[in-house]
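The block underneath contains the structure these notes are about, expressed in structure tokens.
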Amino acid sequence: MRLTILGSGGPLTTPRPGCPCRVCTAARRHGGRGRRGGPGIFVHDAHLLIDATEDIVPLLNSAGVERIDHLFLTHWHPDHTAGFRFVEQVNFDVLRGAAGRRTMVWMNAATARRLADSWRFFEAVGYCRLNVVEPGTRLDLGSITATWFNYAPEGFLSGFVLDDGRARALLVLDETKDLAEQVAADPLLQGHDLLVAECGWFERDPDGHILVRENSRLRTEEAGFERDTLPLIRAARARRTVLTHLMDLHGRTPEEFDALAASLAPLDVQFAYDGMVVDL
């Protein structure tokens, strides 16, 4: 199984226009791993795209992706869905002047209630087919199967277990606050070859400065690295972990993320970057 992290950022890409922080400044100056597009993952074996961020088209071009048979949407937030129109871009046949291929789009009921009606045009002209997936559904994507489950408040976000018969990957890409308890109680979510999860906010930057104020909504609404992500990694017991959804508010350059990953040994943790390829 091969996965490419197309975009390793979150709702805030790096660098942000006009942001003078040290992370954005370094990204502008040096580029490379410091530049982060919005969240997106491509699973090569199934021609599967996970999430459609606003800048998904240039991210697909950068990774050399030419065909998308399936799109999984984790939830309705704009940084995961606002690039949905890509289905026209990748499936338009210039010679025919119409759709040449069709992408199967899979989403949970909460996402469908929020957004599916506005996407019916793309379905009507043949660029995609919209499907609502119930928790526990196992989809056959050819050489890979994907088992869906829901989590987060009111189950509005979907995670996936991908299995190619040789390796298994658990993907929980956003809103993982308090998820460790659910994972610890469900054998389906444990013992995989790979865990891909959001990073979560940090208490402090590498110099020890507080990153999240005591009264910030992030503390009550979003996953924290120390509070939620480390317990999730331990509960999942995956052989390898890749953390994504990284932003300038995390206060770290790629080199500082590397140093943090090294300090977590014996846990095998890596922090994602755009274009990162993971082979299982």
message = On a full-extension model of 0.36 nm per residue, what is the gain between Glu88 and Asp268, subtracting their alpha-carbon distance, rounded to one decimal in nm?
response = 60.9 nm
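At 222 nm, what helix-only mean residue ellipticity would the chain give, in deg cm²/dmol to the nearest 500, using -39500 (n - 2.57) for each DSSP H run of four or more?
-5500 deg cm²/dmol
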request  = Would you mind classifying the stretch 216-280 by shape? Square roots of the alpha carbon gyration tensor eigenvalues, ordered a ≥ b ≥ c; an a/c under 1.5 is rounded, otherwise it is prolate if a/b is larger than b/c and oblate if not.
outcome  = oblate
remark   = Relative contact order of the stretch 2-279 (C-alpha contacts under 8 Å, at least 6 apart) in percent is 19 percent
query = Looking only at Val196, Val132, Val87, which one moves most when the chain is put into a Gaussian network model with springs between Cα atoms under 10 Å?
reply = Val132
inquiry  = With no other cysteine's Cβ closer than 4.7 Å, which Cys residues of the chain count as lacking a disulfide-compatible partner?
reply    = Cys21, Cys128, Cys199
request  = Could you tell me what percent of the DSSP beta bridges with both partners in the stretch 2-279 are antiparallel, to the nearest 5?
outcome  = 55 percent
ask   = In terms of the Cα gyration tensor, with a ≥ b ≥ c the square roots of its eigenvalues, is the stretch 58-205 rounded because a/c is under 1.5, prolate because a/b exceeds b/c, or oblate?
value = prolate
ask   = Using a Gaussian network for the chain with springs between C-alpha atoms less than 10 Å apart, which of these wobbles most: Val172, Val43, Val212?
value = Val212
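Where a number appears in this text, it was derived from the coordinates with a stated rule and is not lab data. No experiment lies behind these values; they were computed from the predicted model shown. Methodologically, a virtual Cβ is constructed for each residue, glycine included, from the backbone with ideal geometry; neighbour enumeration extends over all protein chains shown.
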